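One structure is given here, and the rest of the page talks about it.
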Amino acid sequence: MLIAILTDIHANREALAACLAHAEERNVQRFAFLGDLVGYGADPGWVVDTVSEYVEHGAFAVLGNHDAAVTQAPSKHMNPQAREVVEWTRAQLNEKQLKFLEWLPLTHEWNNCLFVHASAAEPRNWEYITGTLEAVKSMYATRCRITFVGHVHEPALYNLSPTGKVSSFVPTGDSSIPLGTQRRWLVIPGSVGQPRDGNPAACYALFDDVTHELIYFRVPYDYETTAAKIRGAGLPQSIGNRLEIGR
């Protein structure tokens, strides 16, 4: 089965629409959304409605820290701009949309794969996986062979050999990698709605659970329109500015 992995959409309608269309053209059979559907962007209602519709048709979705902040309370570690957008976002969503976010699980397991927004070791602590130490900790926390993780807005790939040797890889462009079945893997697709690796194109990944092939994609989208919407909504201009440079 070919499955699309999308994460950190951050209420970016244009980026999500572009990635979904790109995936549909490749005859994807299932979708997984790894959290942070909202936050930063100006289209939270549209994004939540779109993802919930996909979930109704068999997609997976898990909770992100921005989703949790909207339905509960922001973390004390969340920066002031993100907190401002959280408050704005909460006021934009109706009861059904808020309930959808509230009911999202922290993790989801399927076919020897774990889907989680942050580290599998302590999902609710929202730990960033920025190196091999965090990656190994997360891989050892699950029995699944492959862990798909969001939260980090830059694509990355880690693997753990049967002897305990860990290595990492940073994909560039549209990269195809075979995930050997003798190793454990941790996959970070990068962000759909707010990439931070210097490339403004949206990120997502495809995984074929028959061939064990993983493909990272970069999908161009109309980020100028997205940035204009953010500014038009009265949200911090810097959030819109960073979309244009991918930082």
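The values are calculated or read from the model by the stated rules, or taken from the named source; none is laboratory data. Small disclaimer: the values here were computed from a predicted structure and weren't measured. Quick reminder, even Gly has a Cβ in these numbers, built from the backbone with ideal geometry, and neighbours come from all protein chains shown.
Structure notes:
- Here D43 meets the list (1) touching a Lys or Arg at 6+ places or on another chain (Cβ under 9 Å); (2) among the acidic types (D, E); (3) within 21 Å of L214 (Cα to Cα) almost entirely, failing just condition (3).
- Residues that are of a type in the set (A, V, I, L, M, F, W, C), out of contact with any helix residue (DSSP H, G or I) (no Cβ under 6 Å at 6 or more places or on another chain) and part of a helix (DSSP H, G or I) do occur in segment 61-72.
- Against the conditions (1) farther than 27 Å from D49 by Cα; (2) touching a residue at least 40 places away in the same chain (Cβ under 8 Å), Q97 satisfies every one except (1).
- One residue from I177, I245, I230, I215 being surrounded by fewer than 13 Cβ atoms within 10 Å (Cβ to Cβ) and hydrophobic (A, V, I, L, M, F, W, C): I245
- Whichever residue in segment 149-166 is in contact (Cβ under 8 Å) with a residue 12 or more places away in the chain and of a type in the set (S, T, Y) and, among such residues, is farthest from L106 (Cα to Cα): S161
One line per residue, one yes/no per condition, for (1) surrounded by fewer than 24 Cβ atoms within 10 Å (Cβ to Cβ); (2) in contact (Cβ under 8 Å) with a residue 60 or more places away in the chain; (3) more than 11 Å from F100 (Cβ to Cβ); (4) not hydroxyl-bearing (S, T, Y):
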| residue | (1), (2), (3), (4) |
| --- | --- |
| L2 | yes, yes, yes, yes |
| L6 | no, yes, yes, yes |
| E25 | yes, no, yes, yes |
| F31 | yes, no, yes, yes |
| Y54 | yes, no, yes, no |
| H57 | yes, no, yes, yes |
| A61 | no, no, no, yes |
| A68 | yes, no, yes, yes |
| Q72 | yes, no, yes, yes |
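- Candidate set from segment 140-157 (those that are under 19 Å from the mean Cα position of the chain (by Cα) and of a type in the set (A, V, I, L, M)); member that is nearest to E122 (Cα to Cα): V149
- Filtering segment 174-233 to residues that are of a type in the set (K, R) and touching a residue at least 40 places away in the same chain (Cβ under 8 Å) leaves R184, R196, R218, K229.
- Summed over segment 101-148, the residues that are of a type in the set (V, I, T), assigned to a loop (DSSP other than H, G, I, E, B) and either touching a residue at least 24 places away in the same chain (Cβ under 8 Å) or crowded, with 23+ Cβ neighbours inside 10 Å (or both) give a count of 2.
- Residue match in segment 190-210 (condition: outside any helix (DSSP H, G or I), over 20 Å from the mean Cα position of the chain (by Cα) and not aliphatic (A, V, I, L, M)): no
- Within segment 152-174, considering residues that are part of a loop (DSSP other than H, G, I, E, B) and β-branched (V, I, T), the one surrounded by the most Cβ atoms within 10 Å (Cβ to Cβ): V152
- Tally of residues being at pLDDT below 90 and hydrophobic (A, V, I, L, M, F, W, C) across segment 150-202: 2
- Test: residue in segment 77-91 that is within 24 Å of V28 (Cβ to Cβ), surrounded by 16 or more Cβ atoms within 10 Å (Cβ to Cβ) and among the polar types (S, T, N, Q): no
- So A11, is it crowded, with 24+ Cβ neighbours inside 10 Å and among the small types (G, A, S): yes
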